[in-house]
Amino acid sequence: MIYQGKALCYGDNIDTDVIIPARYLNTTDPYELSLHCMEDLDPSFKEKVKEKNILVVGENFGCGSSREHAPLAIKASGVQCIIAKSFARIFYRNAINIGLPILELPSAVEKIKEGDLIKVDFINGIVENLSTGEKFETKPFPQLIQEIINKGGLINFAKERIKGGEL
């Protein structure tokens, strides 16, 4: 699991109502949700994410409600992965459940600037800012979490396990 892209940066305490406003919760269609992702915070988000697709955010990202719509909208919008100072716990788990790779690494967030070219290696726990040459180390995801993300989320992971006779 190695991702490379340009950084799209936002601040602290971005809640699920900002990620996907409640007025759009009448659908679970990922494409439809992606059209409105972050629109109240940054109306140009859906244009920016075409070029900058590694989301770099501050503290408490995804606070608020427990809806899975928020990480689903982010993933469907084209974001490859998220690096944060910290995540709200329920958002963290929901992101893993839908196969959206996320990483808490405050030291990297403090140094990464908008538009920096970033390489994220989840297997070895290394984030590299290719624009500045700085490297940041973190604990890699456990193998089980890597498998869930590689399968596109918990449901796909479970379906494959059931087909294979494993549980």
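The values are calculated or read from the model by the stated rules, or taken from the named source; none is laboratory data. Here the structure is a predicted model, which means the values were calculated and not measured. For neighbour counting, all protein chains shown are included, and Cβ atoms are generated from backbone atoms with ideal geometry for every residue, glycine included.
Filtering region 13-54 to residues that are of a type in the set (Asp, Glu) and farther than 25 Å from residue 117 by Cβ leaves 15, 17, 29, 32, 39, 40. Going by what's in this entry, would residue 34 be described as of a type outside the set (A, V, I, L, M) and touching a residue at least 40 places away in the same chain (Cβ under 8 Å)? Against the criterion (of a type outside the set (A, V, I, L, M) and touching a residue at least 40 places away in the same chain (Cβ under 8 Å)), residue 34 qualifies.
Counting the residues of region 91-103 that are touching a helix residue (DSSP H, G or I) at 6+ places or on another chain (Cβ under 8 Å) and outside any loop (DSSP other than H, G, I, E, B) gives 6.
Residue 115 meets each of the listed conditions (1) closer than 19 Å to residue 50 by Cα; (2) surrounded by 15 or more Cβ atoms within 10 Å (Cβ to Cβ) apart from (2).
If the condition is being in contact with a helix residue (DSSP H, G or I) (Cβ under 7 Å, 6 or more places away or on another chain) and aromatic (Phe, Trp, Tyr), then region 36-84 contributes only 61. Just to be sure before I move on: is residue 84 exposed (fewer than 15 other Cβ atoms within 10 Å of the Cβ), more than 28 Å from residue 159 (Cβ to Cβ) and either touching a strand residue (DSSP E or B) at 6+ places or on another chain (Cβ under 6 Å) or not β-branched (Val, Ile, Thr) (or both) in the structure I sent? No: the conditions fail for residue 84. Here residue 164 clears all of (1) within 19 Å of residue 98 (Cα to Cα); (2) at pLDDT below 90 except the condition numbered (1).
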